[in-house]
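Colleague: Just passing along the structure, written as structure tokens.
The values are calculated or read from the model by the stated rules, or taken from the named source; none is laboratory data. The model shown is predicted, which means the values in this text are computed figures rather than measured ones. Remember, those area values only see protein heavy atoms, side chains included, never the ligands or the DNA or RNA. Shrake-Rupley method; radii C 1.70, N 1.55, O 1.52, S 1.80 Å.
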Amino acid sequence: DRDGIIDEYKTICDSYGFSGNYHEYSFGPIYKHPHFYATLSTPRRTRKPSHLDRGSAIQIDTNGNFKILARGFRTPNGIGFGIDSLIYINDNQGEWLPASKMLILKEGAFYGYRGVDFMGTIDYETEPAVILMPHYEAGNSPSQMLIMQDGPYKGQMIHGDVTHGGIKRVYLEKIDSVYQGCIFNFTQGLEGGVN
């Protein structure tokens, strides 16, 4: 009722696996009619097997049912709409991932992180990244992206970084139907991470 106080909390979906590990975040959701989209990160500092739906991008219907669209993510903190209204995901570096990377969500794809189901993914080919973010130089923990609507960088994307700090700008171009590009430090000197 626009009084600044939340009137209703609503669960969209909570039927995916969760072990209680501090690193099993869910990111998103974002909405594109008629579905929500989210990503599920993997556990840390544990040798216990994780739920096999961890490290995935999921599609959720309005009844709260979900299906896995793609696998092989470590900490896919950034999920958002970008160029051509495609869903872009920023995955954070760590085991199996020497650098953070920006990806375009493709149903059925595998994105390289094998920590959830090593033997089950041993023969999977890894979908290439749109951009790689050199560790410490251009990013450590990239977060959700937005498309710039105005100004000299209209049509390019920006995203925050939780560890490296600041806001990054991403320039992409399509060559032979494949997006590729580069990343720039857009702002720096911010005391806290930008999520």
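Colleague: Residue by residue through region 122-138, what is 3J(HN,Hα) from phi via Karplus (6.51 cos²θ - 1.76 cosθ + 1.60, θ = phi - 60°)? Round to whole Hz and write x for glycine and proline.
Modeller: So the J values, rounded to whole Hz, are 4, 9, 6, 8, 8, 5, x, 6, 6, 9, 10, 10, x, 4, 6, 7, 10.
Colleague: State in Å² the accessible area per residue of the chain; use a 1.4 Å probe, count heavy atoms of protein chains only, and round to the nearest integer.
Modeller: 57
Colleague: Can you compute the radius of gyration and Dmax for the chain, using only the Cα atoms, both in Å?
Modeller: Calculated on Cα positions, Rg and Dmax stand at 16.9, 54 Å.
Colleague: To continue, here is another question. Would you calculate a helix-derived [θ] at 222 nm for the chain, using -39,500 (n - 2.57) for each DSSP H run of n ≥ 4 and dividing by the full residue count, to the nearest 500?
Modeller: -500 deg cm²/dmol
Colleague: Please work out the Cα center distance from region 130-164 to region 94-127, rounded to the nearest Å.
Modeller: Each part reduced to its Cα centre gives a spacing of 21 Å.
Colleague: If you wrap a convex hull around the C-alpha atoms of region 115-188 and split its volume per residue, what is the figure in Å³?
Modeller: 125
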